[in-house]
Amino acid sequence: MASTYTPLGIELQATGENAGTWGTKTNTNLQIIEQVAGGFTQQAVTDGADTTLSVSDGSTGATLSHRVIEFTGSLTSGRNVTIPLDVQNFYILKNATSGSQVVTFKYATGTGTSAAVPNGKTVIAYAKADDSTNPNITMQEFGGDVVDDTSPQLGGNLDTNNNNIVTTSNRDLMLYPNGTGAVEVGGNDNPGTLILNCENNSHGIRLISPAHSASQSYQLKFPTNNCTAGTFLKVDSITGSGTTAVGQLSFDSSPATTGKAIAMAIVFG
């Protein structure tokens, strides 16, 4: 009776077979088991065709017989990487291709579920071989390194854990809301506060929102005229009214002309 092989290529030797080569074959089997347990390999994925991973019976090196597979290459569209229907294993997959395309890890045929690995992401994929014609692969995505993700998104609040967000090489920290979005400083137990520190970060000034009880939602727009010495900021014009008014600021050197200001000028004149 001849040897048989598992879906991952391990040789199952029959009784009395392989006299004189049993030790070599056993060592090869152990090497295959080792790469299945924790081996790393890279697999190039190319445009224009899917990539088929095949078993290599009785020999090492088959991509599908490695625990960690990193997909490489340059893509202009999403591609599939397929495995045989009888492969049952779990994989750590990383999409390291360029071009911001998804690599889908799936069985060669059938309508079972597959693992769509986003560009720059690392996932665990469970190849179940749970059906002879439509087996399923399920996926769990890792957080991954932000540097590997060209379009990272948060799934919850970001806790800086007493650390800072910093830049290097004198680069600016830039915040770019989309469309009509704004940069918002929230409040919690206190009104929203923007702190502007000194160069030693030992003290600073604060710009503080009015308290909740004031019910203010007005807007102040900075001047459109040039800043010159001896001027002050004043509300030049108002759009709307009340707590939601929009005030246009300007630089001015003229004294106030309201009745109250004239009265004060007379009193202190």
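Computed from the coordinates by the stated procedures, all read-outs in this text should not be read as laboratory data. None of these values were measured; they are calculated from a predicted model. FYI the Cβ positions are ideal-geometry reconstructions off the backbone, even for glycines, and counts take in every protein chain you see.
Taking a ≥ b ≥ c as the square roots of the Cα gyration tensor eigenvalues, with a/c under 1.5 meaning rounded and otherwise prolate when a/b beats b/c, else oblate, which class fits segment 4-148?
prolate
Give the long-range amide H neighbours of Lys234: residues separated by 5 or more places, or on another chain, with amide H under 5 Å away, using H modelled in the peptide plane at 1.01 Å from N.
Long-range HN contacts for Lys234: Ser250, Asp252.
GNM on the chain, C-alpha springs below 10 Å: top fluctuator among Asn29, Asn201, Asn178?
Answer for the Gaussian network model of the chain: Asn201.
What does the charge add up to near Pro223, with Lys and Arg as +1, Asp and Glu as -1, over the other residues with Cβ less than 13 Å from its Cβ?
0
Pick from Gly110, Gly242, Gly20: which residue has the top mean-square fluctuation in a GNM of the chain where Cα pairs under 10 Å get a spring?
Of Gly110, Gly242, Gly20, the Gaussian network model singles out Gly242 as fluctuating most.
Please check the chain for the longest run free of GluC sites (Glu not before Pro) that are loop-located per DSSP (anything but H, G, I, E, B) and have at most 12 other Cβ atoms within 10 Å.
That would be 1-183.
For the chain, what does -39500 (n - 2.57) per DSSP helix run (n ≥ 4), summed and divided by total residues, give at 222 nm, in deg cm²/dmol to the nearest 500?
Dividing the helical sum by the residues of the chain leaves -3000 deg cm²/dmol.
In whole Hz, what ³J(HN,Hα) sequence does segment 206-223 give by Karplus (6.51, -1.76, 1.60; θ = phi - 60°), x for Gly and Pro?
10, 9, 10, 6, x, 5, 4, 5, 6, 6, 8, 9, 6, 10, 10, 9, 5, x
Sequence-distant or interchain residues sharing an amide H contact under 5 Å with Ala129, placed H: which?
Asn136
Only bridges whose two residues both fall in the chain count here: according to DSSP, what percent of them are antiparallel, nearest 5?
60 percent
Treating the Cα atoms of segment 107-257 as identical point scatterers in vacuum, please give the log10 of the normalised Debye intensity I(q)/I(0) at q = 0.14, 0.16 Å⁻¹, two decimals.
Each listed q maps to, in turn, -1.03, -1.19.
Kirkwood hydrodynamic radius of the chain from all distinct Cα pairs, in Å?
On the way: mean 1/r = 0.0392 Å⁻¹.
Taking every pair of different Cα atoms in the chain, averaging 1/r and inverting gives 25.5 Å.
Cα axis of helix 259-268 to longest principal axis of the chain: angle in degrees, 0 to 90, nearest 10?
60 degrees
Each residue of segment 121-135 in order: what ³J(HN,Hα) in whole Hz does its phi give by Karplus 6.51 cos²θ - 1.76 cosθ + 1.60, θ = phi - 60°, with x for Gly and Pro?
9, 10, 9, 9, 10, 9, 8, 8, 6, 8, 8, 6, 10, 10, x
Quick one: 3J(HN,Hα) in Hz for segment 88-102, Karplus 6.51/-1.76/1.60 with θ = phi - 60°, rounded, Gly and Pro as x.
Each residue's phi maps through the Karplus curve to give 10, 6, 10, 10, 9, 10, 10, 8, 9, 6, 9, x, 6, 10, 7 Hz.
When a footprinting reagent is the concern and you count Cβ atoms within 10 Å, what order do Tyr5, Tyr107, Tyr176, Tyr91 take, fewest first?
Least crowded to most crowded, the residues run Tyr176, Tyr5, Tyr91, Tyr107.
Rank these for me by crowding, Val117, Val68, going from fewest to most other beta carbons within 10 Å.
Taking fewest neighbouring Cβ atoms as first place, the list is Val68, Val117.
Dipole magnitude of segment 167-263 about its Cα centre, charges +1 at Lys/Arg Cβ and -1 at Asp/Glu Cβ only, in debye to the nearest 20?
The dipole of segment 167-263 has a size of about 180 debye.
Where the eigenvalues come from the Cα gyration tensor of segment 83-179, what are the semi-axes √(5λ) of the equivalent ellipsoid, largest first, in whole Å?
The equivalent ellipsoid of segment 83-179 has semi-axes of 37, 14, 12 Å.
Report the residue, chosen from Val102, Val55, Val235, that carries the largest GNM mean-square fluctuation when the chain is represented by alpha-carbon nodes joined by springs under 10 Å.
Val235
Give the cross-link partners of Lys106 among the lysines, using a straight C-alpha distance below 20 Å as the criterion and excluding same-chain residues fewer than 8 apart.
List returned: Lys94, Lys121, Lys128.
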